[in-house]
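The values are calculated or read from the model by the stated rules, or taken from the named source; none is laboratory data. Predicted, not measured: the structure shown is a model, and the values here were computed from it. Because the Cβ atoms are built from the backbone with ideal geometry, glycine has one as well, and the counts that use them run over all protein chains shown. Each accessible area value is taken on the protein alone, full model and side chains, heavy atoms only, with ligands, DNA and RNA left out. Shrake-Rupley method; radii C 1.70, N 1.55, O 1.52, S 1.80 Å.
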Amino acid sequence: MITVRKAVPDDAAVIIDFQQKMAWETEKMTLAPETVTKGVNAVFRDSSRGEYYIAESHGIVVASLLITFEWSDWRNRNVWWFQSVYVIPELRRQGIFRKMYLFIKDKAEKEGVAGLRLYVETGNTRAKKTYEALGMNSEHYSFYEWMRE
């Protein structure tokens, strides 16, 4: 039985662990523990930065994601961005992200959010198929970035 809920500060340690694992898995990047710890805790201290959500199975956290907010002046409301999505490897392809996505989508609809967005690593075809199966598309925008580090 998978349950989804908004994360609380006591969940920070597992979210930090997931972020480190995801960075290595997706980009072969080792995150500085003190930096990611400060970054995750900053979200819990200031909800304007975002909100973490987790999925649990029998009381064990098996997935997490971060929702951040983008103001759309065109729509006069927020767009929510999925970020830092991580599901433990042994439970992938079992509908956990789908359940989290539907939980967030339902909340977004109730709160009048303009839409949901996410970005995905270019070569992650499995994730792209998952997002497309949920009704998301990549028809409107391409993503560009400049990162300091």
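Please go through segment 2-27 and pick out each residue that is more than 10 Å from TYR86 (Cβ to Cβ) and charged (D, E, K, R).
Answer for segment 2-27, where residues must be more than 10 Å from TYR86 (Cβ to Cβ) and charged (D, E, K, R): ARG5, LYS6, ASP10, ASP11, GLU27.
Kindly establish whether ILE88 is surrounded by 13 or more Cβ atoms within 10 Å (Cβ to Cβ), modelled with pLDDT of 95 or more, closer than 21 Å to ALA23 by Cα and under 16 Å from the mean Cα position of the chain (by Cα).
no
Out of ARG98, ARG75, ARG117, ARG93, which single residue is more than 18 Å from ARG5 (Cα to Cα) and under 13 Å from the mean Cα position of the chain (by Cα)?
Selected residue: ARG117, the only one of ARG98, ARG75, ARG117, ARG93 that is more than 18 Å from ARG5 (Cα to Cα) and under 13 Å from the mean Cα position of the chain (by Cα).
Could you tell me whether any residue of segment 31-51 is modelled with pLDDT under 95, farther than 22 Å from TYR101 by Cα and surrounded by 17 or more Cβ atoms within 10 Å (Cβ to Cβ)?
yes
Take segment 120-129 and flag every residue that is surrounded by 14 or more Cβ atoms within 10 Å (Cβ to Cβ) and either more than 14 Å from the chain's Cα centre (by Cα) or basic (Lys, Arg) (or both).
Answer for segment 120-129, where residues must be surrounded by 14 or more Cβ atoms within 10 Å (Cβ to Cβ) and either more than 14 Å from the chain's Cα centre (by Cα) or basic (Lys, Arg) (or both): just LYS128.
How many residues, within segment 1-24, are open to solvent by 70 Å² or more (accessible area, probe 1.4 Å), part of a helix (DSSP H, G or I) and touching a residue at least 40 places away in the same chain (Cβ under 8 Å)?
1
Restricting attention to strands (runs of 3 or more DSSP E) lying wholly within segment 55-149, give those where 3 or more residues are aromatic (Phe, Trp, Tyr) and touching a strand residue (DSSP E or B) at 6+ places or on another chain (Cβ under 9 Å).
Output list reads 77-87.
Which pairs have Cβ atoms under 9 Å, sit 6 or more apart or on different chains, and link a residue in segment 71-85 that is within 20 Å of PHE103 (Cβ to Cβ) and among the β-branched types (Val, Ile, Thr) to one that is open to solvent by less than 50 Å² (accessible area, probe 1.4 Å) and part of a strand (DSSP E or B)?
Pairs found: VAL79/SER72; VAL79/GLY115; VAL79/LEU116; VAL85/ALA63; VAL85/SER64; VAL85/LEU65; VAL85/LEU66; VAL85/LEU118.
I need a count of the residues in segment 25-41 that are in a helix (DSSP H, G or I) and more than 22 Å from LYS107 (Cβ to Cβ).
Residues flagged as in a helix (DSSP H, G or I) and more than 22 Å from LYS107 (Cβ to Cβ) within segment 25-41 amount to 11.
Is it fair to say ALA63 is closer than 27 Å to GLY115 by Cα, modelled with pLDDT of 95 or more and loosely packed, with under 13 Cβ neighbours inside 10 Å?
Taking the combined requirement at face value, the residue does not satisfy it.
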